[in-house]
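Everything on this sheet refers to the single structure shown next.
The values are calculated or read from the model by the stated rules, or taken from the named source; none is laboratory data. Note that the structure is predicted; figures quoted are calculated from it, not measured. Every residue, glycine as well, gets a Cβ built from its backbone with ideal geometry; the counts of neighbours run over all protein chains shown. In case anyone asks, the SASA skips ligands and DNA or RNA and just uses the protein heavy atoms, side chains included. Shrake-Rupley method; radii C 1.70, N 1.55, O 1.52, S 1.80 Å.
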Amino acid sequence: AKNVVVMGQPRYDILTRADEIYDKSKIISDLGLNPAKKIVLWCTQTHGLSLDENVSSISAVYSTMASIKGDTQLVIKLHPGEDQNAPLYQGNSQYEPVILGKDVDTYALLSACDLMITKNSTTAMEAIILNKPVIILNLSGEPDRVNYVHEGVALGVYDPADLSSTIEKLLDNGSILYDKREKF
């Protein structure tokens, strides 16, 4: 037992060196994003949600982003298991996000973002490792499946009306959950 060292998942090793590996300016330039705007990254999971919840979540995020002042941009990173043509995200006139598929490096996006939104994806854990503020968007009416909010490492949004203020709160002060993230 004295010779055993408990380690985390090897796939997270790169995250401990993300600041050496990823260049935010280059990522923003390569993706054609506006360097003057903050990046809100939404890591989706449409393949695991009901159609009603997907429609509610998309409407909430799009209308919220449309209402936030012009200093933010939404980047949607599609889950590799969902339709990469993004039919649910197309044709919504409220807001026009940047939609990226499975071929884009999720860790690069997490490294470059200013805030991350998901429901219960492991990308939340990865964002927490990178000390990024996380919003858990759960409009299902069911309890959270992962304990990010309970542990105090993310803020939960369970009503679409609360999304705008939560995004603004975390963009203004993303460090409010730092102590909990470090311990988690």
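Of these, LEU109, LEU88, which one is of a type in the set (A, V, I, L, M) and open to solvent by 20 Å² or more (accessible area, probe 1.4 Å)?
Being of a type in the set (A, V, I, L, M) and open to solvent by 20 Å² or more (accessible area, probe 1.4 Å) holds for just one of LEU109, LEU88, which is LEU88.
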Residue check for GLN73: over 14 Å from the mean Cα position of the chain (by Cα), among the polar types (S, T, N, Q) and within 29 Å of ASP23 (Cβ to Cβ): no
Residue list for segment 76-85, restricted to those being within 30 Å of THR16 (Cβ to Cβ) and surrounded by fewer than 19 Cβ atoms within 10 Å (Cβ to Cβ): PRO80, GLY81, GLN84
Some residue of segment 39-51 being open to solvent by 40 Å² or more (accessible area, probe 1.4 Å) and in contact with a helix residue (DSSP H, G or I) (Cβ under 6 Å, 6 or more places away or on another chain): no
Among residues of segment 153-183, those that are small (Gly, Ala, Ser), out of contact with any strand residue (DSSP E or B) (no Cβ under 6 Å at 6 or more places or on another chain) and at pLDDT 95 or above, counted: 3
Qualifying positions in segment 6-38 - open to solvent by less than 80 Å² (accessible area, probe 1.4 Å) and part of a loop (DSSP other than H, G, I, E, B): GLY8, TYR22, GLY32, LEU33, ASN34, LYS37
Cβ-Cβ under 8 Å pairs, at least 6 apart or on other chains, segment 103-121 side closer than 19 Å to ASP71 by Cα, far side among the aromatic types (Phe, Trp, Tyr) and surrounded by 18 or more Cβ atoms within 10 Å (Cβ to Cβ): SER111/TYR22; ALA112/TYR22; MET116/TRP42; ILE117/TRP42
